[in-house]
Amino acid sequence: DLRTMSNELVKLSIYADPEPIREGDVDTMVSYAKEANIFSAIDAMFEGRTNLALRLTHELLRSGSPPAYLLSMIARQVRLLIIAKDLRVNHVSEREYPSRLALSGYPLRKTLEQADRFSPHRLSEIHQALLETDLGTKTKTVNDETLLDIFIARISSGTDITTVNEQTK
């Protein structure tokens with residue numbers, strides 16, 4: 001979308017004036033940059049790149065993204081992966097995937113690729129761990145950042161998932 005890009009560049013040039021535009025300016029002023037970072041963090045987590053996933057998550061937290069937002073975005077992707085895996089397992093026509101997942105183009109392809117990396121059982125484990133992490137943030141058994149770190153490390157490393165209570169003992 002060239003018009004949006006042009007508008008964002010104008011906004012950045014006014015914000016940074018008279019200095020050159022820096023990466024921090026983009027992170028501050030361009031909402032798409034923050035969204036791209038959450039998607040990059042989630043991708044890194046599901047691709048087994050633990051260090052990158054943790055680094056990106058902490059950058060998002062430092063920039064003001066609340067842990068609840070990060071968990072909701074992870075939950076959204078987990079839900080999409082479970083649905084995509086179910087569509088594949090049940091041999092649903094690929095023409096139905098865009099409407100069933102409410103995705104198209106690159107996000108659809110990326111989600112299907114990620115879903116293919118996981119068994120239905122593993123997706124169920126990930127979903128259970130996500131629910132336990134969310135519960136932990138609500139009951140304050142451990143601080144939210146630690147709970148996110150544990151969840152991300154468990155998911156991205158591919159190790160067996162235990163309950164949040166067992167992880168934090």
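The values are calculated or read from the model by the stated rules, or taken from the named source; none is laboratory data. From a predicted model like this one, the values you see are computed outputs, not experimental measurements. Cβ coordinates were reconstructed from backbone atoms using ideal geometry, including for glycine residues, and neighbour counts include every protein chain displayed. Remember, those area values only see protein heavy atoms, side chains included, never the ligands or the DNA or RNA. Shrake-Rupley method; radii C 1.70, N 1.55, O 1.52, S 1.80 Å.
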With a probe of 1.4 Å, find how much accessible area segment 46-169 has per residue, and write the answer as a whole number in Å². 55
Assigning unit charges at the beta carbon (Lys, Arg +1; Asp, Glu -1) and nothing else, what dipole magnitude in debye, to the nearest 20, does the chain show about its Cα centre? 420
To the nearest 10 degrees, how steep is helix 31-46 against the longest Cα principal axis of the chain, on a 0 to 90 scale? 30
What do you get for the angle between helix 144-157 and the principal long axis of the chain? Use alpha-carbon atoms, 0 to 90 degrees, nearest ten. 70
Give me the percent of accessible area attributable to carbon and sulfur for the chain, probe 1.4 angstrom. 54
Can you match Rg/Rh (Cα atoms, Kirkwood Rh) to one of these, (i) 1.03; (ii) 0.98; (iii) 0.95, based on a calculation from the structure here? (i)
Within the chain, count lysine pairs with alpha carbon atoms under 23 angstrom apart where the residues are 8 or more positions apart or belong to different chains. 5
Here the net charge surrounding I83, from other residues whose Cβ is less than 12 Å away from its Cβ (Lys, Arg +1; Asp, Glu -1), is +3
Out of H121, H58, H91, a Gaussian network model of the chain with alpha-carbon springs under 10 Å gives the largest mean-square fluctuation to H91
So how tilted is helix 67-89 from the main axis of the chain? Cα-based, degrees 0 to 90, rounded to 10. 50
